[in-house]
C-alpha cells in the first residue's frame, strides 16, 4: 500500500520551506505518484494566485504597526487564557517558562520580574527580623549583647583572641571614672546612683570596689560597694 | 489580598507577644527589710520605685532602686550607717552595700538612704523567699561606739571615715580661725581643683592569677615613708607583665608599742609616661606585736587599660587598726606631701564640705563647721 505525502508537507514543499532531506523525499514521491503530484500542482496554483493578490494590498499599509498590534493581541489572548486556566496549569506553565530561560535571566527575573512570587517570603523574613530585634532589645541586657559581640568579634578574627584573654576567669571588679562594676562570664553588673557621676572610685584587692556619690540637693554622701565574693 | 492580611496579622501577633514577654519578665520585686532586734534605727517609710526582677541567663537580675527613710531611735547621735543588700549571699554579684558617712543625726531625727544597685540571684535560689533583702550591717555613733552584725566589716570602714572626717573638720576649723574666711576659701578652691585634676584610670581587679600571657618580671615597691605611721612597710615586690601587676607581697614592721591587727596600704602605680595614680588599697588582717616584723601577701591581680604600661610601683601605709580597737590614719600634714597630695582621694567629709561650699557658699560652710 502506497503511503501518500501529507498535505502539510506538500504545501511546505511548494513554498520551499521543507528541510533538505524531507524535500528530497517528497520530490521522489511526487514524481512517481500521480495523486500527490496533482495535489502539489493545486497548491502551486493556489500560491501563485495568493502572491498575485498580495500586490493589491491597500496603499500606505504600515507593516510595523500591524506587527505590533498582532503581537499585543497575542499577548492579550495568552494573559486572558492564564486568568481562566486552573492554578496548577498556571504554575506549571510558569515553571516551564522559567526553565526555558537562561540561568542569568532566571536570576534577574527572580529579583525583578519574579517579585509577584518572591515578596511573600521577603515580607515574612522582614517581619521576623523586626520581631526578633524587638524581643532582643526588650529582654537581653546590654552587657550580654556586648559579650556576644565580643565572642562574634573573636570568631570573626579566626579565634585568635578568646573571651578569656579579655576577661580572666572568675569575677572581675572594675572601677573607672564612670563607676564600679562586677563582671563574670561576659556579664556585667554596673552600679549607678540615680544618674549621678561618682566623685571617686576605689578598689580593694580583697575583692570589692566602691564608688562615692554626693546628692547635689541634700549634700549627702553615699558610698556604694560591690563584692566579688 | 487575604494572604497579605494574614501575614500582617501574624507579624503583629508575634510583635505583640515579644513586647508582652518583655513587660512580663520585669516582675514586681519581693523584698524584706531587716534592721535587727533592738536596732537604734527604725524604718519610717520605704519606696521601691521601679525596682524589678528580670530573668537573665541562668539567674535573675534584681535591679534595686529604693529610697528608705530611717529614724534614729537611740540616745546617741548617728555618724554613719551601712546597709547590706542581699539577693544571694554566696554568689558573686549577689550582695552589695550602701554606706552613708558624714551624718549628724540627733536622736528622734530621720534621714534617708538611697539604694541603687543591680544584683544577681540564681534561678533556683530559695524559692518563695524575698528577691532582695536589706539588712542593717552597722551604725556608728558620735562616741565611735558601734551597733550591728558587722558582716561586711563596716565598723572598721566607718570608723576610719569618721576619723578622717574629724581630722578634716578640725583642720578646716583651724584654718577658719587662723586665716579667716579667705584662708578657708583658698583651701576649698585648692581641694576642688585637686578633685577635678585627680586622674582615675580604669582598673580591673581579679583574685588569683589573671590570664596575661606576657613574660613577667618582678618589680620592687618603693615605699613612701610617713614618719608618724606606726607601721613601716619595706621590701615589697610584685610581678608585672605589660599592663598587669599581680601577687604583691611586702614586709611590715610595727614600730609602735601596741599590737596591730589590721592595716591598709595604698598601691601607687606609675606608667611609662610618668603619670602616677592610686590604683588600689591593699588591706591585710594580721597580728603584729610591738616592734615585730611580718610578711603580708595578696593573691590578687590589677589590670589597667592597654594604653598603660606599668613602669614602677610605690606604696604607703594609709590606715592601721590596733588590737585595742583604736585606729591610726595619716595626718593632714602627712597628706600634704607633694607626692601624696594629688594621689590620695579626699575623705568623704572633705567631699561633702567642698560640695557644700560650691553650692551654698562660704557662709554656709563656716556655719556647718561650727556645728560640731
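Where a number appears in this text, it was derived from the coordinates with a stated rule and is not lab data. All values derive from a computational prediction rather than experimental measurement. Virtual Cβ from ideal backbone geometry, glycine too; neighbours counted across all protein chains shown.
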Per-residue mean of other chain beta-carbon atoms within 10 angstrom of the beta-carbon, peptide B:85-95?
4
Show that you can apply the helix-only estimate: for chain B, add -39,500 (n - 2.57) for every DSSP H stretch of four or more residues, divide by all residues, and state [θ] at 222 nm to the nearest 500.
-9000 deg cm²/dmol
Once each part is reduced to its C-alpha centroid, what is the distance from segment B:175-191 to segment A:197-229 in angstrom?
27 Å
Could you rank the peptides B:146-158, B:253-265 by their average count of other C-beta atoms within 10 Å per residue, with the highest value first?
B:146-158, B:253-265
May I ask for the angle, rounded to the nearest 10°, between helix B:362-371 and the longest principal axis of chain B, with both axes built from Cα atoms and the value confined to 0 to 90°?
80 degrees
Pairwise label distance in nanometres, residue B:144 with residue A:63, each label 7 Å out on the Cα-Cβ vector
12.0 nm
Taking Cα atoms only, helix B:2-25 is inclined relative to the longest principal axis of chain B by an angle, in degrees rounded to 10, of 40 degrees
In peptide B:271-284, what is the residue-averaged number of other protein chain Cβ atoms found within 10 Å of each Cβ?
2
Residues of segment A:5-24 with amide nitrogen under 19 Å from the 7 Å Cα-to-Cβ point of residue A:32?
A:5-7, A:9-10, A:21-24
Please find the FRET efficiency linking residue B:174 to residue B:30, where r is the Cβ-Cβ separation and R0 is fixed at 51 Å, and quote it to the nearest 0.05.
0.50
Of the residues B:42, B:178, B:354, which exhibits the maximal mean-square fluctuation in a Gaussian network model of chain B defined by a 10 Å Cα contact cut-off?
B:178
Which angle between 0 and 90 degrees, to the nearest 10, do you get for helix B:154-197 versus the longest principal axis of chain B when only C-alpha atoms count?
70 degrees
Segment A:7-53: C-alpha gyration tensor shape, a/c 1.5 cut-off, then a/b vs b/c:
oblate
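Averaging sequence separations of C-alpha pairs under 8 Å and six or more residues apart, then dividing by the length of chain B, give the relative contact order as a whole percent.
Relative contact order, chain B: 14 percent.
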Measuring from centroid to centroid over Cα atoms, what is the spacing of segment A:11-32 and segment B:321-344 in Å?
121 Å
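Looking only at other chains, what is the average number of their beta-carbon atoms within 10 angstrom of each beta-carbon in A:190-201?
If you average over the peptide's residues, the count of other-chain Cβ atoms is 4.
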